[in-house]
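**Student:** Sharing a structure here in structure tokens format.
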Amino acid sequence: MGKRDFCPLTAASEVLSRKWSLVIVGRLLEGGKRFSELRASIPEISPKVLSSTLKALKNHGVVERMVDDGSPVKVKYRLTEKGLDLEGIVESLEEWGEKWKNRR
């Protein structure tokens, strides 16, 4: 039995441990977004980090990349069922962060 099979927190941590993962999921809970829209909504993140984090979330089955073959080609990111299931967790963490952000 692997560690991932044994500890659900370890499995969840593998998916969400990147610095910007929860922020990206939070933005995508508002609805699907293009890369440029995500970038504009998170000005502190570099394009390289946004791209690599989206790829990691896609590989974990949390985000899907939708390609519209029109002209010009448009790519949009949205949450999968697995990603949408994080809504309660993200909301709870937002509440916790708001409560404790100015306290040490």
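The values are calculated or read from the model by the stated rules, or taken from the named source; none is laboratory data. Not measured: the values here are computed from a predicted model. All Cβ positions, even for glycine, are placed from backbone atoms using ideal geometry, and neighbour counts span all protein chains on display. These area figures cover heavy atoms from the full protein model, side chains too; ligands, DNA and RNA do not enter into them. Shrake-Rupley method; radii C 1.70, N 1.55, O 1.52, S 1.80 Å.
**Student:** Considering region 1-60 alone, what residues qualify as being outside any helix (DSSP H, G or I) and more than 14 Å from Leu79 (Cα to Cα)?
**Tutor:** Matches in region 1-60: Met1, Gly2, Cys7, Ser17, Arg18, Lys19, Trp20, Ile42, Pro43, Glu44, Ile45, Ser46.
**Student:** Now for a separate question. Consider Arg103 carefully, then state whether it is modelled with pLDDT under 95 and either touching a helix residue (DSSP H, G or I) at 6+ places or on another chain (Cβ under 7 Å) or charged (D, E, K, R) (or both).
**Tutor:** Spelling it out, Arg103 is indeed modelled with pLDDT under 95 and either touching a helix residue (DSSP H, G or I) at 6+ places or on another chain (Cβ under 7 Å) or charged (D, E, K, R) (or both).
**Student:** Please tell me if Glu87 is farther than 13 Å from Val15 by Cβ, of a type outside the set (S, T, N, Q) and either touching a strand residue (DSSP E or B) at 6+ places or on another chain (Cβ under 6 Å) or surrounded by 10 or more Cβ atoms within 10 Å (Cβ to Cβ) (or both).
**Tutor:** Working: farther than 13 Å from Val15 by Cβ: yes; of a type outside the set (S, T, N, Q): yes; either touching a strand residue (DSSP E or B) at 6+ places or on another chain (Cβ under 6 Å) or surrounded by 10 or more Cβ atoms within 10 Å (Cβ to Cβ) (or both): yes.
For Glu87, the condition - farther than 13 Å from Val15 by Cβ, of a type outside the set (S, T, N, Q) and either touching a strand residue (DSSP E or B) at 6+ places or on another chain (Cβ under 6 Å) or surrounded by 10 or more Cβ atoms within 10 Å (Cβ to Cβ) (or both) - is met.
**Student:** Can you confirm whether Leu38 is surrounded by 13 or more Cβ atoms within 10 Å (Cβ to Cβ) and free of Cβ contacts under 8 Å to residues at least 60 places away in the same chain?
**Tutor:** yes
**Student:** With respect to Gly61, determine if the residue is over 11 Å from the mean Cα position of the chain (by Cα) and not aliphatic (A, V, I, L, M).
**Tutor:** Working: over 11 Å from the mean Cα position of the chain (by Cα): no; not aliphatic (A, V, I, L, M): yes.
So Gly61 does not fit the description; no.
**Student:** What residue, of Ser52, Ser71, Ser92, is among the hydroxyl-bearing types (Ser, Thr, Tyr), closer than 20 Å to Leu9 by Cβ and open to solvent by 40 Å² or more (accessible area, probe 1.4 Å)?
**Tutor:** Unique residue meeting the criteria: Ser92.
**Student:** Being of a type in the set (D, E, K, R), in contact (Cβ under 8 Å) with a residue 12 or more places away in the chain, open to solvent by less than 80 Å² (accessible area, probe 1.4 Å) and out of contact with any strand residue (DSSP E or B) (no Cβ under 6 Å at 6 or more places or on another chain) is the requirement here; does Arg27 meet it? If you could, list the steps in order and put the result at the bottom.
**Tutor:** Values: of a type in the set (D, E, K, R): yes; in contact (Cβ under 8 Å) with a residue 12 or more places away in the chain: yes; open to solvent by less than 80 Å² (accessible area, probe 1.4 Å): yes; out of contact with any strand residue (DSSP E or B) (no Cβ under 6 Å at 6 or more places or on another chain): yes.
Spelling it out, Arg27 is indeed of a type in the set (D, E, K, R), in contact (Cβ under 8 Å) with a residue 12 or more places away in the chain, open to solvent by less than 80 Å² (accessible area, probe 1.4 Å) and out of contact with any strand residue (DSSP E or B) (no Cβ under 6 Å at 6 or more places or on another chain).
**Student:** Let me ask something else. Only one of these conditions is not met by Glu81: (1) touching a Lys or Arg at 6+ places or on another chain (Cβ under 9 Å); (2) loosely packed, with under 10 Cβ neighbours inside 10 Å. Which number is it?
**Tutor:** All conditions are met except number (1).
**Student:** Would it be correct to say that Arg65 is outside any helix (DSSP H, G or I), touching a residue at least 24 places away in the same chain (Cβ under 8 Å), out of contact with any Gly (no Cβ under 8 Å at 6 or more places or on another chain) and open to solvent by 40 Å² or more (accessible area, probe 1.4 Å)?
**Tutor:** The answer is no for Arg65.
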